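One structure is given here, and the rest of the page talks about it.
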Amino acid sequence: VRSRPVRRHFSGAVKRTPRASMWLARSSRRTLRPLWTPKRLSARARGSAVSASSCFGDGSDGKDGTFDRRCRSGSSLVGRGGPIAVEPGRPTFARGSSMNVDARPSGGFTARGFAASGASPPETHAFQAETRRLLDIVTNSLYTDKEVFVRELVSNASDALEKCRHEFLVRGQDPGSLTIDITTDEEQGTFSIADTGLGMSKEDLIANLGVIARSGSRAFVEEIDGSSSDDSIQKQKQTDASSAKSIIGKFGVGFYSAFMVSDRVEVFSNKGDGDGAGGAHKWSSAGDGEFSVAECAVGDGPDEAPRRGTRIVLHVKDSEKALATSAWSVEAALRKHSAFVGFPVTLNGKRANAVDALWTKTEKEVSDEDATAFYRFVGGGGSASETFTFRLHFSADAPLTVRALLFAPSENPERGFGGAGALSENAGGVALYSRRVLIQQNARNVLPNFLRFIRGVIDCEDVPLNISRETPQDSALVRKLGEIVGKRVIKWLTEKAKREPQKYTEWYGKLGVFLKEGICGDESYLYKDALVPLLRFESSLEKEGANGEGAGLTSLDAYIERMPTTQKEVYYLVAPGGRKQAESSPYLEAARARGYEVLFLYAHVDEFVMQHVRRHRGKDLVSAEAATFEAEETSEESKDGDEKDPSEREKKKKAALSAEKMSSLCDWFATEALPGRVTGVSTSARLVSAPALLTGHEPEAMRRYRAMLTMMSDEATAAKLDELKNAAALELNPKHAIIKGIERLRRDESEEKVRIAKLLAEQVFDNARVAAGALDDPREMVGRIHEILEVALRRVGEDDDAETHA
C-alpha cells in the first residue's frame, strides 16, 4: 500500500495522516471497510499482480472502489508506498508488506492477518514441563488420601485384564485365568500387585510409564471405538462395546500414585507371546524424574517377570508401612474402593472381592439373600441386624448411562448414636461409582438431601471426574443425575405404597419424616407434587386398636375419594398430644357433627407440611381450628329429628340463651371479664359439647417459631412478638351449662357472685387456650383454679349443712 504513515491501534481503531488512502481492516478476520478512496493499490493473486482498479477501482471517478471477484481467496494486498506508521510498540506495515484476504461472494473481502514482507514466518512451540516438578505434584498434591494408590493400581490391573480378554475373544481363543494378586510383606517392606493380563513391551513401558498423563487405557478405547465401523462385524462390535465400558483408566496419572507411599517402584512386564526371551523387561524409578528399562528373565523369582502380565513392586517408605504393608489396611482400602472390580482380586492368597456388583444385574437375577448381604456391605454397616424394607434396581441409558441398586432401610438411620452427625454433615447414604470403582463413599448432592436415608450404589459412566477420580467435576451434570434418580425413587415408593399398602404404612411410620422434609425443603418445587400422595395420617374415621395400637393411616387421595358431596375442603387438626387430645378437641365437634372426616396431625412439622401443600386435587387443605362452618343442621341433629318428636328439638333450642342475652354476655366477656386479652367475643354456631373455643389464633407451628424468635430477640422485639398471643377471638356456646351459669352470676346483685363469674369467665378462656395449644405457661391459672375449687367446696359444704338441719 502506498501511503503516508498511518497509526493503528491493535484493538482496531485507525487514525489517518494526510494523503493516506487505502482499505484497512479494523481487526483480524474482520471485513475490510473502505475508509477512503485508494489511489494506487495492487493485488497479487497466485503470484500475478492485479491492478488496483480491477479490484477496487482507481478512485478517479471520485467514488469508493468496489470489490472485484477476480481478487481470489489467498490474494495479498501489497504496499508500494512508504511504510505505514502505527502506534509505538506495534508492528509496522512497511513497504513490500502484505495482507492476506479471503474473497467473499457478497462483494467484500476478509483479512486473515498480515506479516511484514521478508520477515521470518511465525514459529510454533510446544509447552514444556519440568518433569521432576510435575511428577512431584502428581505424587504429593493430587490425591486426598494415600490409600487411593491401592485403587489406582487395581484399576490399572483390571484394565490390563480387560484388554487381554478383548484380544483373545476377538481371536476366538480362551484367555485363561484372569486374576489380580496382591501380596504384602511387612518384613521386607514391600507391596506387590500382579495381573495376568496383557503385559508391556519395552516400547510400551517407555511410552506408558515414561510419559506422564499418557493413558494406554484411553488409547485402547479410542482404538476399538474406531475399529468396529463395519456393521457386518456385529459380534466384534458387541465385544468392543463391552470392553470399552469396562475400561476404568483415562487420565494416565494413576500409576504414579505409587510414589506417594514408596521410595522406589519396579515394574516387571511380559507381553506373553512366546517364552518371553527379549519380551520381558524391568522398569524402575525412584520418582526423581528418571527411570531405567532393562531386559529381565521370566519366572517366579523376585527379579523376574511373569509369563504373561505385569507385576509391580513398591518398596514402601518407612513412614507409610502401616498403610501399604499391613494386610488389614490394604484389605480395608480394597473393600472401600475396589470391592466390585470385575475380576477376582486376592490379598495374600485370600479372595478380597467376594461381593458381586449386583447393580449390574436385573432384579430377577438377585436373590433376597444376596441383596441382604449386599445391603449390609454397602449401607448397613455390616451389622446382621440391619435390614431393608424395599429395594430398587434401576437402569437408564438416556440422558445418562446409570445403573443403580438402592434400598429403603427399615429403621431411621439418623436415630440413635451418630445419627445427628450424618445430618449436620449433609452426607448422602449412597455410594457413587463409575465403572465399578468407588468415587465417593457418602456422595453429597447426588440425591436430593431429603433422600439421604436411601442406601445403595449409583454407577454412572457419564459423570466427569477430576483427575484424582475422587469427586465429580461437572456439578450441573451431577444435579441432573440427582434429578433422574430422585424422581425414580419417588416413583418407586409410590408403586410400593399401592402394591404393598400395609408394608408401606409401617415403613412410613419410621421414615416418613424425610418425605415431609422434601415437601417443605428448598427443592420442593421439583418434588412436592410427587411426594404429596406418599403422605399418611391418622383420621377421625379410623378407630384406635383395642390393645392401644395406633389407628390405620390414610392418604390424601383416599380422603378425597371418601368426601361427601357437601364437603368442599380437606380438614386437618394438629394434636401434638396424640389421638386422645384430638378426639377431645372442641375444634373437632363441628366437622364431626356434620359427618366430615378430619385428619389428625401429631408431629409439629405436619402443620408446615400442610401449609406447603395447601391444595391437592382441587381441594383446599384447611385447619379445623380455622375452618368456618355455616349455621346449618348437623347430621346428629338430623338423626335426632328422625327418631324423636320435633318438640324435643324445640326444647333444645329453648334451652339455649337467647340472641339478646348472648350479645350482652359477649360484650361483658370482652370488656369486663377479659379486657384487652381478646380481639372479640361472639356466639358460636359450631360448638356442641364444649363451652368455648379460640379462633383466629396462631397455628401451632407458628407459635413455636415465635417462641424461638422471642428467645433470640431484644426486649422491644420480644414485646411485639408477645402481643401476638392476644391476637385471638373467643366463641361461646349458648347451650352449655357453664355459659348459662356465668350469665346468671354476672347479673346477680351480689358482688361476690359477680367476682366468681369473672373467675369462671377467665377459666373458660384459659381452657379454650389450652385446647388450642395457645397457652404458653399454664402455671398462670393455677391460683385461679384453687380459688374456684374453694368456692365449689364452700357451696357443697353449705348444701350439706342445709340437709343436716333439715
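A few points about this structure:
- Within the full protein context, the accessible area of residue 263 is estimated at about 90 Å² for a probe radius of 1.4 Å.
- Ordered by 1.4 Å accessible area with all protein chains kept, 488, 795, 686 run largest first as 795, 488, 686.
- On the beta carbon distance between residue 656 and residue 584, with R0 = 25 Å, the FRET formula returns roughly 0.65.
- Whether the stretch 283-403 is rounded, prolate or oblate, judged on the alpha carbon gyration tensor where a/c under 1.5 counts as rounded: prolate
- A probe of 1.4 angstrom, applied to the heavy atoms of all protein chains, finds residue 492 with accessible area near 10 square angstrom.
- Projected label points at residue 475 and residue 264, each 7 Å from Cα along the beta carbon direction, are separated by 4.7 nanometres.
- For the set 146/321; 661/740; 510/543; 580/740, the pairs lying more than 18 angstrom apart at their alpha carbons are 510/543; 580/740.
- 401, 362, reordered so the largest accessible area comes first (probe 1.4 Å): 362, 401
- For residue 369, the accessible surface of its heavy atoms amounts to roughly 130 Å² (probe 1.4 Å, protein chains only, rounded to the nearest 10).
- Backbone N under 14 Å from the residue 682 label point (7 Å along Cα→Cβ), restricted to the stretch 728-759: 728-733
- Distance between modelled label sites at residue 565 and residue 136, nm, 7 Å Cα→Cβ extension: 8.7 nm
- For the set 153, 775, solvent exposure ranked by accessible area (probe 1.4 Å, protein chains only) runs largest to smallest as 775, 153.
- Taking the Cα centre of the stretch 290-366 as origin and assigning +1 to Lys and Arg Cβ atoms and -1 to Asp and Glu Cβ atoms, the resulting dipole is close to 360 debye.
- Annotation for residue 628 and residue 397: the two label points, set 7 Å from Cα along the Cα-Cβ direction, are 6.0 nm apart.
- With every protein chain in place, the stretch 341-410: carbon and sulfur % of accessible area (1.4 Å): 47 percent
- Using 0.36 nm per residue and subtracting the Cα-Cα separation, the extra length available between residue 558 and residue 795 on full extension is 80.0 nm.
- Segment residue 188-residue 442, extension gain: residue separation times 0.36 nm, minus the distance between their alpha carbons: 87.9 nm
The values are calculated or read from the model by the stated rules, or taken from the named source; none is laboratory data. In this text, all values refer to a predicted model and were calculated from it rather than measured experimentally. Heads up, the Cβs are rebuilt from the backbone with ideal geometry, glycines too, and the neighbour counts pull from every protein chain shown. Accessible surface areas use protein heavy atoms only, side chains included; no ligands, DNA or RNA. Shrake-Rupley method; radii C 1.70, N 1.55, O 1.52, S 1.80 Å.
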